[in-house]
Every structure is written in structure tokens, then in C-alpha cells.
Amino acid sequence: MGQKNGLGQRTALGAGLLILSRLGAKLIDLVTLIALTHLLTPEDFGLVAIAMTLVQICEAIFELPVAQVLVRADEVTQPLLHTALTLGALRGLVLGALLAFSAWPFATLYGDARIAPLICFLALAPILRGLTSPAMVHFTRNMDFRPDVSGEIIGKVLALLLAAGMALITHSYWAIATASVASPLFLAVVSYLWAPMRPGLRLADWRTFAHFLSWTSAAQLFSALNWQADRLILGPFIPRGALGLFSMASDLAALPDQALLKPTMRTFLPALSQKKDDREALVASYLSLTCCVFAMVAPVVTIISILAEPIVRLVLGVRWLGVAPCLQMLAPVLLLFTVYNPLSALAMAVGKPEASLRLSLVEFLVRIPLTLLAVWLGGLNGAVAVRGVVAVVALSNALMVLRALIGLPPMQVLSAVIRPAAAAAAMALALILIRPWLSDLAPWALALGIAFCSGAGMGLYALTLTGLWHGSGCPEGGEAKLIGIAATLWRRLRQRGRLALA
């Protein structure tokens with residue numbers, strides 16, 4: 001029992017540290033975004049979005065689950081680390097060559113010669129991400145994420161300074177590209193300061209990675225196309241400015257995923273891997289993780305969706321108000337994906353990466369034809385609507401995969417998030433009622449109004465969720481962990497307050 005509690009505590013602390021660091025990183029990203037939106041135009045962002053589409057698709061296709069394999073390995077040896085580094089270097093060479101050969105045909109397809117050099121420069125970012133020190137896995141296996149935190153924060157701060165400086169000097173879209181490349185460069189440098197290792201190019205232990213690479217490569221192919229399908233299809237049909245607005249809305253809607261889900265997901269694999277031989281514990285952990293991530297993301301998504309117009313008006317300015325309608329519809333879609341977010345980590349933990357391929361393939365077969373039809377009939381609005389339809393289909397498929405993978409009934413998964421969903425609905429209703437008060441306010445008053453509404457909404461959400469949990473008999477699971485952590489933090493704050501006053 002002590003070991004289980006220790007693992008749970010390390011998982012919670014690790015997730016909390018990663019979330020705080022990612023929130024800090026996303027705050028830096030937001031500052032960068034605000035600076036660039038005031039110095040550049042939607043057309044600049046639309047141009048970079050087109051170039052980034054090809055880079056991100058190729059990066060995702062050639063993504064290698066090197067770190068995940070190292071995390072679940074029984075022992076991390078030096079030859080295994082050298083093999084991981086070699087695979088990362090080979091991936092970078094292949095990816096760079098592919099993007100270089102594809103840049104000019106892609107630019108010709110979109111009728112803009114500026115796209116080709118952008119693609120070649122942006123290709124440096126995924127190459128650098130693959131060259132970080134594999135020895136960092138030792139920290140991950142011990143649930144010590146301080147090196148990741150320092151590397152990400154340092155990289156983001158330096159990228160902000162470089163991008164802001166270039167934007168001030170040139171007022172060019174190259175400032176956006178500079179930010180994308182600088183961050184992984186500095187992160188790679190910091191990784192070797194934390195986890196130094198002598199480079200060794202060898203493939204002695206490639207068989208350890210082979211099983212996972214074969215399945216995940218196929219899954220990444222379809223996942224990449226799913227991820228960028230709407231931008232890729234919209235590019236030839238709408239103006240660069242409209243594409244820039246859509247890309248901005250999509251990026252803002254993904255902030256909860258980047259700031260909360262992605263860092264939390266990094267703790268899932270080591271936590272679930274240690275319970276892979278105990279089905280009952282595995283099911284309980286999965287449901288608890290699902291409830292935790294949904295409960296954390298739901299209030300943030302609700303604020304972004306309901307207060308989209310005043311947030312865009314304050315943060316980006318009036319010329320970006322076209323972002324608000326898209327953002328209002330795109331943000332809630334994330335909640336449907338959140339319900340099965342830990343599934344990919346679960347598939348890796350139990351040694352069945354083919355489950356991830358099924359998820360991506362079904363989503364691809366639904367998304368591509370629907371997006372093509374929707375864009376042809378409704379343009380930008382059609383692409384936004386398709387995301388919701390695809391999310392429902394993907395959720396239904398994921399629930400069937402979970403049943404096949406660990407025998408988890410769909411209703412049990414949905415029951416795990418029903419109370420957070422009800423609390424989010426109450427919060428949304430309250431925000432809708434008070435949103436009209438934010439109209440026609442001066443910037444300083446609007447900032448205070450958004451902060452007040454968000455704080456009041458979060459308070460209502462917390463009270464409603466706690467009340468529903470108590471009304472259900474205080475069951476164990478994700479809510480119990482979150483409420484327990486909140487109660488502990490509150491007690492510590494009160495104790496410190498009393499000591500300060502004494």
C-alpha cells in the first residue's frame with residue numbers, strides 16, 4: 001500500500017510540476033503571440049500556417065516513440081541510449097531531406113514562392129527536437145521533471161526575445177518562424193547540460209524499438225493528416241487572412257490541451273506501466289486519470305468558449321475579432337477528446353500500440369471526406385462544424401477500443417466525467433448570464449471584468465463539483481484526488497497566513 005501511495009504521490013507531484021511549467025511556458029507563448037499580433041498581420045500568420053502544415057504533418061509521420069520505449073524498458077543501458085540517439089539523428093536526416101524536396105512543389109501548389117524557404121527553415125525545429133539527450137529518460141522514470149521544466153522555460157524565454165526583436169526590426173513573418181525554431185534549439189542544449197552523454201551512433205538495440213515503431217509510424221501518419229486536415233484543405237479555398245484567423249482560433253482553442261493535457265499525459269505512461277499486470281488497478285487508474293484531466297480542462301474550456309469575444313478583443317485587438325466565432329465553437333470540441341485522452345498511454349503501457357492505429361485510422365476515414373465536403377459547401381464554417389462531428393465519432397470508436405483493450409464498459413468511462421460535466425454546464429450558464437456586462441468596456445476595465453468573471457466561474461465550478469461529489473457519497477477516483485490536493489493546499493495557505501500574522 002505504501003508503494004502505491006508513493007507512486008500516486010509522485011505521479012500527482014510530477015503532473016502538478018509539469019502543469020505549472022507548461023502554464024508558464026504557455027504564458028510566455030501568449031506574450032509572444034500578443035507581441036507578434038500587434039506587429040504583424042493575419043496574412044503573415046496565414047502564410048506561416050500553410051508552411052507549418054507540411055512541416056507538422058511530416059514531423060508527426062516520422063515521430064518515433066523513443067522516449068516512451070525507454071520509459072517502459074526494464075533497464076536503460078548505454079547501448080539502448082545510443083540506439084535512441086541514432087534513431088533520432090536518422091529521423092532528422094530523413095525528415096530534413098523530405099521537406100527540402102517537398103518545399104518548392106508545395107509552394108507551387110499554393111501559388112506563393114515565399115512558402116518554400118519558410119518550410120526549409122521551419123524544418124530545423126522537428127530535427128532539433130529529435131536530438132535532445134536520450135539520457136533525460138532517467139529523470140522521467142524517477143518522476144523528476146525539473147530538467148524538462150527548466151529546459152522548456154529557458155527555451156521559451158530566449159525564443160520570445162529573439163522573435164520580438166526580429167519583429168520589431170523587420171515586421172516580417174520570419175519572426176514567427178524564428179520563435180518556432182529557437183525554442184527547440186535551446187531545449188536541446190539544456191538537455192545535454194542536465195543529462196550529458198557521449199554521442200554514440202549505433203543500432204545494436206534497434207529490435208527493442210522495432211515493434212513499437214512499426215505500429216506507431218502508421219498511427220502517426222493518419223494522426224498527422226487528421227491534425228492538419230482542415231488547414232491543408234482550407235488553404236487553396238480561402239484568403240490568407242481568413243486562414244490566419246482560423247489558425248489563430250485553432251491554436252487558442254488548443255491551449256488547454258497544450259498547457260494541461262500534454263504535460264499530464266507525460267506522467268500517464270510511467271504510472272500505468274507499473275500497473276500493466278494488474279487489470280483491476282489498471283482500470284481504476286485509467287478512470288481516475290480520465291476524470292482528473294476532464295475536471296481540470298472543463299472550466300478552462302468553458303471560459304475560453306463563453307468569453308471568446310471579450311478575450312480576443314482584449315488580447316489580440318479588434319482587427320482579430322474574426323477569431324472569436326471560430327474559437328467559441330472549436331474550444332468545446334476538446335472536451336470530447338479529453339474523455340479518452342489517456343488511451344494512447346494505456347496502449348503503450350500494455351504493449352498494444354496497434355490500438356492507437358485504429359483510433360487514428362477511423363478518425364482519418366471520417367474526417368477527410370467530411371472536411372472536403374464541408375469546405376466545398378460551407379467554407380470556413382463547414383470546417384469548424386466538421387470538427388465537432390469527428391470528435392463524436394472518434395469518442396465512440398475510442399470507447400469500443402477501451403472495451404477491447406482492458407474490458408472497460410463505455411458507460412463506466414462516461415460516468416467518470418458526469419459530475420465535472422454537470423459542474424461545467426452550471427459554470428457556462430452563469431458566464432452566459434454575466435457576459436453582456438463585458439461589452440463596450442475600456443481595456444483596463446475589460447481585463448478586470450474578464451478576471452472577475454473567470455474567477456467567479458471557477459469558484460462556482462469548484463463548489464458545484466464538490467457538492468456533487470459529496471452528494472454521491474464521496475467516491476474514490478479523480479475527483480477525490482483533486483479535492484484532496486485542493487484541501488491540502490488550502491490548509492497550508494491558512495497555516496502560513498496564521499504564522500505571518502503571529
- Message: It is to be established whether one or more residues within region 390-402 are modelled with pLDDT under 80 and of a type in the set (A, V, I, L, M, F, W, C).
- Response: no
- Note on the structure: By residue number, the members of region 442-461 that are surrounded by 12 or more Cβ atoms within 10 Å (Cβ to Cβ) and in contact (Cβ under 8 Å) with a residue 40 or more places away in the chain are Leu446, Ala447, Gly449, Ile450, Cys453, Ser454, Gly457, Met458, Tyr461
- Some residue of region 361-383 being of a type outside the set (Gly, Ala, Ser) and in contact with a Pro (Cβ under 8 Å, 6 or more places away or on another chain): no
- Restricting region 358-389 to residues that are surrounded by fewer than 21 Cβ atoms within 10 Å (Cβ to Cβ), within 24 Å of Met411 (Cα to Cα) and of a type outside the set (D, E, K, R), the one modelled with the lowest pLDDT turns out to be Leu361
- What number of residues in region 96-149 are within 21 Å of Ala188 (Cβ to Cβ) and in a helix (DSSP H, G or I)? 27
- Could you count how many residues in region 151-178 are outside any helix (DSSP H, G or I) and either surrounded by fewer than 20 Cβ atoms within 10 Å (Cβ to Cβ) or free of Cβ contacts under 8 Å to residues at least 12 places away in the same chain (or both)? 2
- Of all the residues that make up region 40-95, how many are assigned to a loop (DSSP other than H, G, I, E, B) and either more than 25 Å from Ala116 (Cα to Cα) or of a type in the set (A, V, I, L, M) (or both)? 8
- Count - residues of region 179-204 that are over 15 Å from Leu124 (Cβ atoms) and assigned to a helix (DSSP H, G or I): 5
- Among the residues of region 48-89, write down those that are touching an Asp or Glu at 6+ places or on another chain (Cβ under 8 Å), of a type in the set (A, V, I, L, M) and either within 21 Å of Leu128 (Cβ to Cβ) or buried (at least 23 other Cβ atoms within 10 Å of the Cβ) (or both). Ile50
- Message: I'd like the full set of residues that are closer than 17 Å to Pro299 by Cα and outside any helix (DSSP H, G or I), limited to region 405-460.
- Response: Ala416, Val417
- Message: Being modelled with pLDDT under 75, assigned by TED's automatic domain parsing to the domain that holds Met52 and buried (at least 19 other Cβ atoms within 10 Å of the Cβ) is the requirement here; does Met136 meet it?
- Response: no
- Residue among Leu99, Leu80 that is among the hydrophobic types (A, V, I, L, M, F, W, C) and within 27 Å of the chain's Cα centre (by Cα): Leu99
- Query: For region 309-354, which residues satisfy the criterion of being assigned to a loop (DSSP other than H, G, I, E, B) and either within 30 Å of Lys275 (Cα to Cα) or aromatic (Phe, Trp, Tyr) (or both)?
  - Reply: Val339, Tyr340, Asn341, Pro342, Val350, Gly351, Lys352, Pro353
- Message: I'd like the residue in region 472-502 that is of a type in the set (D, E, K, R), surrounded by 10 or more Cβ atoms within 10 Å (Cβ to Cβ) and modelled with pLDDT under 70 and, out of all such residues, is nearest to Val413 (Cα to Cα).
- Response: Arg492
- Message: Out of the residues in region 297-321 meeting the condition of being at pLDDT below 85 and touching a Pro at 6+ places or on another chain (Cβ under 9 Å), tell me which one is nearest to Val31 (Cα to Cα).
- Response: Trp320
- Query: In region 90-115, how many are closer than 22 Å to Phe45 by Cα, surrounded by fewer than 20 Cβ atoms within 10 Å (Cβ to Cβ), modelled with pLDDT of 85 or more and among the small types (Gly, Ala, Ser)?
  - Reply: 3
- Near pairs, Cβ below 9 angstrom, 6+ apart or cross-chain, from region 375-396 (at negative phi and hydroxyl-bearing (Ser, Thr, Tyr)) to any residue that is surrounded by fewer than 21 Cβ atoms within 10 Å (Cβ to Cβ) and in a helix (DSSP H, G or I): Ser396/Pro410
- Could you identify the single residue in Leu54, Leu64, Leu27, Leu40 that is among the hydrophobic types (A, V, I, L, M, F, W, C) and touching a Gly at 6+ places or on another chain (Cβ under 8 Å)? Leu64
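The values are calculated or read from the model by the stated rules, or taken from the named source; none is laboratory data. Given the structure is predicted, the values throughout are model-derived calculations rather than measurements. All Cβ positions, even for glycine, are placed from backbone atoms using ideal geometry, and neighbour counts span all protein chains on display.
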